Amino acid sequence: MRTVCYLAHCLLNANAKVDEGARCAGVSAPVVGLLREHGATIRQMPCPELAFGGTRRFWAVREQYDTPAFRAHCRTLAAPVAEQIRADLAAGARVVIIGIDGSPSMGVELTASAGDWGGRPDKPRDEDYPVTPGPGLFTETLLGLLGDDVAGARVVGIGQDLFDYDEPAELAKLAAAVEHTGAR
């Protein structure tokens, strides 16, 4: 069975991250290496934050992006991704959607959240920022567009945006998702 992995944009292009937000200089080689070892087809999802705010944006939390304009932007970007996922599922592929836990847009299990931030965050970027359980805005939109079809896919978040990122543990979680069939 063919495995198709839909990756958060920044896993294939860390230059899309906010200034000083990248954990690597370009491609997340450990993630891509793991997917290659499993023979996965890799598809890059768009970065809603880069497309909305450009390269000179500062890091933000879900509440700052949670606007009608950004939600519409996410719907515009997520619609073709949802259709491609449906096509891959219909062709019998195993589909894995890989987000970035801690991201206000691409989070899967955790999203950056701080209701009291209204402008540039007042914490240094090397400090942890608050997260809350739940998906980021793009992930939420994509899963909503997929509806019941998401039951045929695995959805996993890699915690690269989290202060306590444990790469070996996150790679093991990703390997389990790639090797597993069925719903999340």
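Brief remarks follow.
- For R125: the one exception among (1) modelled with pLDDT under 90; (2) on the phi > 0 side of the Ramachandran plot: (2)
Residues checked against (1) of a type in the set (F, W, Y); (2) free of Cβ contacts under 8 Å to residues at least 40 places away in the same chain:
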residue	(1), (2)
E37	no, yes
T41	no, no
R56	no, yes
Y65	yes, no
Q84	no, no
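- Segment 136-152, residues that are surrounded by 24 or more Cβ atoms within 10 Å (Cβ to Cβ) and either touching a Pro at 6+ places or on another chain (Cβ under 7 Å) or more than 13 Å from L110 (Cα to Cα) (or both): G136, L137, F138, T141, L142
- Residue pairs whose Cβ atoms lie under 8 Å apart, separated by 6 or more positions or on different chains, with the first residue in segment 86-97 and farther than 12 Å from R154 by Cβ and the second surrounded by fewer than 22 Cβ atoms within 10 Å (Cβ to Cβ) and β-branched (V, I, T), are D88/V4.
- Selection of segment 35-76 for residues being aliphatic (A, V, I, L, M) and closer than 17 Å to V155 by Cβ yields L35, A40, I42, M45.
- Subset of segment 47-74 [β-branched (V, I, T) and at pLDDT below 90]: T55, V61
The values are calculated or read from the model by the stated rules, or taken from the named source; none is laboratory data. Predicted model, so just to flag it, every value in this text is computed and none were measured. Methodologically, a virtual Cβ is constructed for each residue, glycine included, from the backbone with ideal geometry; neighbour enumeration extends over all protein chains shown.
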